[in-house]
1. Tell me, what does the Kirkwood hydrodynamic radius of the protein assembly as shown come to in angstroms if you use every pair of distinct C-alpha atoms?
2. Within 10 Å of each Cβ in B:106-112, how many Cβ atoms from other chains are there, averaged over the peptide?
3. Determine which residues of segment B:131-149 fall in the zone a paramagnetic label at B:Lys16 would reach in this model, i.e. backbone nitrogen under 20 Å from the point 7 Å along Cα→Cβ.
4. Shape verdict for segment B:10-169, please, from the Cα gyration tensor: rounded (a/c under 1.5), prolate (a/b greater than b/c) or oblate.
5. Within a 10 angstrom radius of the beta carbon, how do B:Ile173, A:Ile72, B:Ile204 rank from fewest other beta carbons to most?
6. Order of A:40-50, A:79-89 by packing, highest average Cβ count within 10 Å first?
7. Of B:Val215, B:Leu205, B:Ser235, which is farthest on the positive side of the dipole of segment B:186-245, counting Cα position, with +1 on Lys and Arg Cβ, -1 on Asp and Glu Cβ, and the Cα centre as origin?
8. Ranked by Cβ crowding within 10 angstrom, fewest neighbours first, how are A:Trp31, A:Trp7, B:Trp137 ordered?
Amino acid sequence: MTASTGWVIVLLSGAGCYLLKLAGYAMPQRWFARPGLRSLIELLPVALLAALIVVEAVADGRRYDVNTARLIGFGVGAIAVWRRAPFILVVVLAAGTAAALRLTPLT
Amino acid sequence: MTSGVGGDAVDAAAAKQVVRDSLGVAIAVGSYGVAFGAASVAAGFSPAQTSLSSLLTFTGGSQFAIAGVIAGGGTAAAALGSGYLLGARNTLYALRLQPLLAVRGWRRALAALLTIDESTAMALGQRAPALSRVAFWWTAAGVYVLWNLATLLGAFGAQALGDPKRFGLDAAIPAAFLALLAPRLRAGPLPGRIAAGGALIALILIPLTPPGVPVLAGCVSLALAFDVRARRFRSPDARDAGGTS
């Protein structure tokens, strides 16, 4: 990625995401009275986040990349999520586990 | 003693408790901006671009998604597409907050920037509108300040530390996404099926399509929410979501 592409992405994401927020304050309440549309928007992050988790966990570009330290770290993070640990603890546990495993000669 | 905020009187002790809770949420959520800062720099963005993203975009899910798609070799369009789709939920939050905050002019412009998962959840969780406003502004301001400071720390830290794999960032990012997803899965069985569908679609498409596409294609699993007989989408917490009848 070139530096200018980076700036374009950052500025367009900032403008677009801000307008999405502002739109909700500007539009009349009845626009979202349709329950179908409402549930679609509520469910959209579920599908996207699940797909992102898979891609981040096992993909490297267009190929599968199964990395033991990463998957065990992710698993420890998943247990923390299941135990309803706060965000920061989930991140620290997952990163710490993977980093520690990479220091051992096993992985 | 009571203090009137916007018409309805609020117990000062209750308001104080709300401020404390809001700052607690802000510390927990804001500090995780370190992970975004590091992920964004690892994806190839400069620390300045990374900081601007947190200042302007300010919605963690979209920011992480954009960094993730770029890191995986995806195009700018695919990255922005997943960022916007994830950011669309903020429109719904703003719509729900609109009558509660009752803001106009520059306050509305500011409220819009600060409308995210946490400020919305804290505002909607209060028993009185005045407490909702206290919760929204304190949570929002706290997360904004800490998220941006943490982003800086993560961005420069990652630059100094080098290979992000050495400190396990590649394991932390999917875990962070899971932490964002988990509360939505607890609404009922339908979100769980949609998540499984999205994950499966992405898994199959990884070697078949350009990077970034598997994430966007995951949205196809939303079809699972379509009630053919009623010709509309089921609510995430609908009781009949099992579809057995």
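Computed from the coordinates by the stated procedures, all read-outs in this text should not be read as laboratory data. Computed from a predicted structure; not experimentally measured. Glycine gets a Cβ as well: all are built from the backbone with ideal geometry, and neighbour counts include every protein chain shown.
1. With all distinct Cα pairs of the protein assembly as shown included, I get 20.6 Å.
2. 3
3. Once the point is set 7 Å along Cα→Cβ of B:Lys16, B:131-139 turn out to lie under 20 Å by backbone N, inside segment B:131-149.
4. prolate
5. B:Ile204, A:Ile72, B:Ile173
6. The most tightly packed comes first, giving A:40-50, A:79-89.
7. It is B:Ser235.
8. A:Trp31, A:Trp7, B:Trp137
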